[in-house]
Amino acid sequence: MTVARKSVEECIGCGNCANICPMDVFYFDYDANKSVCLYPENCQSCGQCYLACLGDVIIMLDTAYEFAPTPMRGLRTFSQFMPEEEEEDGKKG
């Protein structure tokens, strides 16, 4: 499950969701005085933002985000932590 907003225009700008969310799903835009659901894929479905929303504009969806590592991402990550082999007498060892 994840969170979503019914309508950004209906947000009253209390900022409760951005302050209470432990996963930084929301970003409070001070220029627009609105809270934006910026990273819904980080949502852990705790429901704290849903309960704290004074404007009743946050809803819980059945959408589940899954990000399986791609082979390229895994290869780059793995190679970052592998020490480079030293060459001895022109041979790798």
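Each reported figure results from applying straightforward, stated rules to the coordinates on display, with no laboratory input. Remember, it's a predicted structure, so these values are computed and weren't measured experimentally. Cβ: placed from backbone, ideal geometry, glycine included. Neighbour counts: every protein chain shown.
Annotations
- Computed over region 22-66, the convex hull of the alpha-carbon atoms projects to a mean area of 3.4 nm².
- As a proxy for reagent exposure, ranking 36, 8, 57 by other Cβ atoms within 10 Å from fewest up yields 8, 36, 57.
- Computed E for residue 29/residue 59 - FRET, C-beta separation, R0 25 angstrom, nearest 0.05: 0.80
- Inter-probe distance in nm under a simple model that places probes 7 Å from Cα toward Cβ, at residue 46 and residue 10: 2.5 nm
- The relative contact order of region 20-66, computed from alpha carbon pairs under 8 Å that lie at least 6 residues apart in sequence, is 31 percent.
- Theoretical gain in end-to-end length, residue 36 to residue 1 [0.36 nm per residue, Cα-Cα removed]: 10.8 nm
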